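Trainee: The structure's right below; bear with me while I get my questions together.
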Amino acid sequence: MTKMRKIKKIRDIQPERTPMPVQEPAERVHNFDEVASGYTEADALREAERCLMCPKAKCVDACPVSIDIPGFIDRILEKDYRGAWEVITDANLMPAVCGRVCPQEDQCEGVCVVGKKLAPVAVGRLERWVGDMAVNGGWTAETRIEPNGKKVGIVGSGPAGIACAADLAKAGCEVTVFEALHKPGGVLRYGIPEFRLPDCVIDAEIENLKRLGVKVECNTLVGRLFTIEQMVGEMSFDAVFIGTGAGTPRFMGIDGEYLNGVLSANELLTRCNLMKAGDFPRHDTPLGLGRRVAVIGAGNTAMDAMRVSLRLGADTVYCVYRRTFDESPARLEEIEHAEEEGVEFHWLSAPLEILDDGAGNVRGLRCQRMELGEPDDSGRRRPVPVEGSEYGLDCDTVVYAIGTDANPIIGQTSGIELNQWGFIATDENLATSIPGVYAGGDIVTGGATVILAMGAGRKAARAMREHLSITPNGD
Ligand code: FAD
Ligand code: SF4
């Protein structure tokens, strides 16, 4: 029987949202420690009290994986923290990750009824708090796994691959994840910096996967060592999931892109996060970042690239974006943190050319001011150049963070059908054109979010179970 929750009125609750303790900007800009240290138990209980326990909770509808949000908050209030974790992990396998990186202001918190009059309930911070309890306490789901004799291969160890692997392992499959890089985690590991998502949180999630019996084989570039066709052929995988992400950086094609000092945000972030360039000479990864860095773009990747540049010792970091703050795709918190840390924002500015110092190095950007016109296909107002508004911006490093394309290797080395943009084409169940091969996450949708990639991994796992005629435990 479902328990009746105590429904509250908005006038009964604390008007202020419980603040998140954070490192001071002047201090944190010199280290890679996590910016937000997380709620204490008292903070979590105080914030949980602000939830009205709506019977038809809009926040649940707005969550891409439909977490029972009032359900887990109710368990927090009852101090049944393990119960809270079980409610969340019914829908989302990685609360400590998603509590930190999900764009809650566009999802659950964006529609929370409390937000109509006051600041919305801090759902993400509560989710993170519960997720951290599980990480610190080494909690794992007690799953009885009945082996079913099916062998499944997963290509890519990002959130899509991890979610798919976990569900299929729980259903009794023998699962192997193949990862091109030397550490698993995908963008969680190589893209999102430690000060937003510490490695220990990702390690805990991967450890959980291994406890389910999943084998993780790193340094394995599928498409070069073996193909997808070989996996379902001579390697005898009964089914394969492709979650290879969208890691190929885009450039603009303007003059000067060949100069020394131009790089993509993915390269900068991978060298820093995965290859520890910030810890030179202990880790022998050169970076050659200049003192004045201009980052083109204003999404999460751009914010990460700018904040990493500051931590690596840049004196000045510019954000050059052709639209305004309102159209910026980054999470609000990331923009606020970047601003506090001293990033200089050049809104409504488009680069026209990267300038040469005469010796093949970057000496600056030639930019043009923009204004906003009518909405384009994305629904955002189109930037229109303002005539005669060109200006120069002195810098010695230019970082591109204007989006990414599909990783091309699988498309180049297999007969799998791609769409017109080079992403893998699937049907509504995420089945590809090769029988038994499924795909999901950024390699299908283009760059999106962690929770959407995880949702796709789980959706594919359901379809793969059906394809393999498996009845999972508990279903
Ligand atoms: P990925 O995470 O890209 O993982 C794909 C994996 O496949 C990688 O490990 C790759 O090495 C591996 N691979 C690729 N090709 C092969 C091959 N041929 N053989 C074997 N392995 C292969 N989203 C949010 O929700 N919130 C954020 O704050 C946020 N910040 C971001 C910051 C940055 C810098 C970036 C780049 C993205 C950010 N995103 C954020 C987006 C989010 O991380 C992605 O949408 C998500 O990680 C996609 O998951 P995925 O599993 O599809 O792919
Ligand atoms: Fe609680 Fe807000 Fe969800 Fe209502 S909409 S259940 S107040 S988090």
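The values are calculated or read from the model by the stated rules, or taken from the named source; none is laboratory data. Nothing here was measured: the structure is a model prediction, and the numbers come from that model. Here the Cβ positions follow ideal geometry from the backbone for every residue, glycine too, while neighbour counts run over all protein chains shown. Note: accessible area is taken over every heavy atom of the protein model, side chains too, but ligands, DNA and RNA are not part of it. Shrake-Rupley method; radii C 1.70, N 1.55, O 1.52, S 1.80 Å.
Trainee: Six or more apart or on different chains, Cβ under 7 Å: which pairs go from a residue in segment 209-232 that's of a type in the set (Phe, Trp, Tyr) to one that's not in a helix (DSSP H, G or I)? Could you list them?
Mentor: Matching pairs, first to second residue: Phe226/Met235.
Trainee: Those residues that are in a helix (DSSP H, G or I) and crowded, with 24+ Cβ neighbours inside 10 Å, I need them from segment 49-69; list them, please.
Mentor: Cys59, Ile69
Trainee: Considering only residues of segment 110-132 that are among the charged types (D, E, K, R) and open to solvent by less than 20 Å² (accessible area, probe 1.4 Å), which is farthest from ligand 2 (Cβ to nearest atom)?
Mentor: Arg128
Trainee: Just a yes or no: is a residue in segment 196-206 more than 16 Å from the chain's Cα centre (by Cα), assigned to a loop (DSSP other than H, G, I, E, B) and within 14 Å of ligand 1 (Cβ to nearest atom)?
Mentor: no
Trainee: Looking only at segment 292-313, which residues are in a loop (DSSP other than H, G, I, E, B) and either of a type in the set (D, E, K, R) or open to solvent by 10 Å² or more (accessible area, probe 1.4 Å) (or both)?
Mentor: Here is the first cut: in segment 292-313, the ones in a loop (DSSP other than H, G, I, E, B) are 297-299, 312-313.
Selection gives Gly299, Leu312, Gly313.
Trainee: Mind checking which helices (runs of 4 or more DSSP H) fall wholly inside segment 74-123 and carry at least 1 residues that are touching a residue at least 12 places away in the same chain (Cβ under 8 Å) and more than 16 Å from ligand 1 (Cβ to nearest atom)?
Mentor: Numbers: elements: 81-91, 95-101, 108-111.
Fully inside segment 74-123 and qualifying: 81-91, 108-111.
Trainee: Here's a follow-up. Out of Ala165, Ala160, Ala169, report the one residue that is of a type in the set (Gly, Ala, Ser), more than 20 Å from the chain's Cα centre (by Cα) and part of a helix (DSSP H, G or I).
Mentor: One residue alone meets the criteria, Ala169.
Trainee: Does segment 82-89 contain at least one residue that is open to solvent by less than 50 Å² (accessible area, probe 1.4 Å), modelled with pLDDT under 95 and either away from ligand 2 (no atom under 14 Å from the Cβ) or touching a Ser or Thr at 6+ places or on another chain (Cβ under 6 Å) (or both)?
Mentor: yes
Trainee: Has segment 35-47 got any residue that is within 16 Å of ligand 1 (Cβ to nearest atom), in contact (Cβ under 8 Å) with a residue 40 or more places away in the chain and not aliphatic (A, V, I, L, M)?
Mentor: No, every residue in segment 35-47 fails to be within 16 Å of ligand 1 (Cβ to nearest atom), in contact (Cβ under 8 Å) with a residue 40 or more places away in the chain and not aliphatic (A, V, I, L, M).
Trainee: Just need a number here: residues in segment 376-434 that are in a strand (DSSP E or B), of a type in the set (D, E, K, R) and over 22 Å from the mean Cα position of the chain (by Cα).
Mentor: 5
Every residue, every condition in (1) modelled with pLDDT under 95; (2) assigned to a loop (DSSP other than H, G, I, E, B); (3) surrounded by fewer than 21 Cβ atoms within 10 Å (Cβ to Cβ), yes or no:
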position: Gly213; (1), (2), (3): yes, yes, yes
position: Asn219; (1), (2), (3): no, yes, yes
position: Leu225; (1), (2), (3): no, yes, yes
position: Ser236; (1), (2), (3): no, yes, yes
position: Gly245; (1), (2), (3): no, yes, no
position: Phe251; (1), (2), (3): no, yes, yes
position: Arg282; (1), (2), (3): yes, yes, yes
position: Pro286; (1), (2), (3): yes, yes, yes
